[in-house]
Amino acid sequence: MRRLRDSIAVNCPIDQAQTRIEEFFAGRRGIDGKVRLALPDHEVCIDARAGRDAQNLNDLVRVSWKAETDLPLPAFAGTLVTWGQGNPTLTFIELDGTYVPLGEIFDEPLGRRIAQRTAKDLLAQIAAAIADTPAAQGYPSPL
């Protein structure tokens, strides 16, 4: 397993971000409880569940995905958390977890690129859906 971590800045009040993310997934959930998102290269089936961190202090979304294809693409399991940095209208959404690489040596760089691209695409779709205004520009990811 390999670690995958990414974040995105969103023009969304921090006190509303968690609820909006949960609504993002709820509004896209199929009859089977899964969320299917079309990404540029493939479709992923996402399981997203609201929860709390290990210390029971913070809300989070437990998220996992796998590709909806016969191709051997990386599967992921981790969390989505929201946090701010002093600006109450700007929220950072952080995705953190692990993915299963496609294989050793040759497939590892390809699997990492696919997992990273899937994470970025997912974060971008969430950001676009929950933002009060278009995606925050000029706010680099703190990760």
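A few notes on this one:
- Check on residue 5, more than 28 Å from residue 100 (Cβ to Cβ), surrounded by 13 or more Cβ atoms within 10 Å (Cβ to Cβ) and modelled with pLDDT of 90 or more: no
- Among the residues of segment 64-76, those that are outside any loop (DSSP other than H, G, I, E, B) and either in contact (Cβ under 8 Å) with a residue 40 or more places away in the chain or more than 10 Å from the chain's Cα centre (by Cα) (or both) comprise 65, 66, 67, 76.
- Subset tally (residues that are surrounded by 11 or more Cβ atoms within 10 Å (Cβ to Cβ) and under 17 Å from residue 124 (Cα atoms)) for segment 34-68: 16
- Any chance residue 113 is modelled with pLDDT of 80 or more, loosely packed, with under 13 Cβ neighbours inside 10 Å and not in a loop (DSSP other than H, G, I, E, B): yes
- Any pair with Cβ under 7 angstrom, 6 or more apart, that starts in segment 81-93 at a residue that is touching a residue at least 40 places away in the same chain (Cβ under 8 Å) and ends at one that is surrounded by fewer than 19 Cβ atoms within 10 Å (Cβ to Cβ) and part of a strand (DSSP E or B): 84/90; 89/11; 90/11; 92/83
- Selection from segment 69-87 of residues that are over 18 Å from residue 7 (Cβ atoms) and surrounded by fewer than 16 Cβ atoms within 10 Å (Cβ to Cβ): 69, 70, 71, 72
- Within segment 21-33, the residues that satisfy the criterion of being surrounded by 18 or more Cβ atoms within 10 Å (Cβ to Cβ) and out of contact with any Ser or Thr (no Cβ under 9 Å at 6 or more places or on another chain) are 24, 25.
The values are calculated or read from the model by the stated rules, or taken from the named source; none is laboratory data. These figures come from a predicted structure and were not determined experimentally. Don't worry about glycine lacking a Cβ; one is built from the backbone with ideal geometry, like all the others, and counts go over all protein chains shown.
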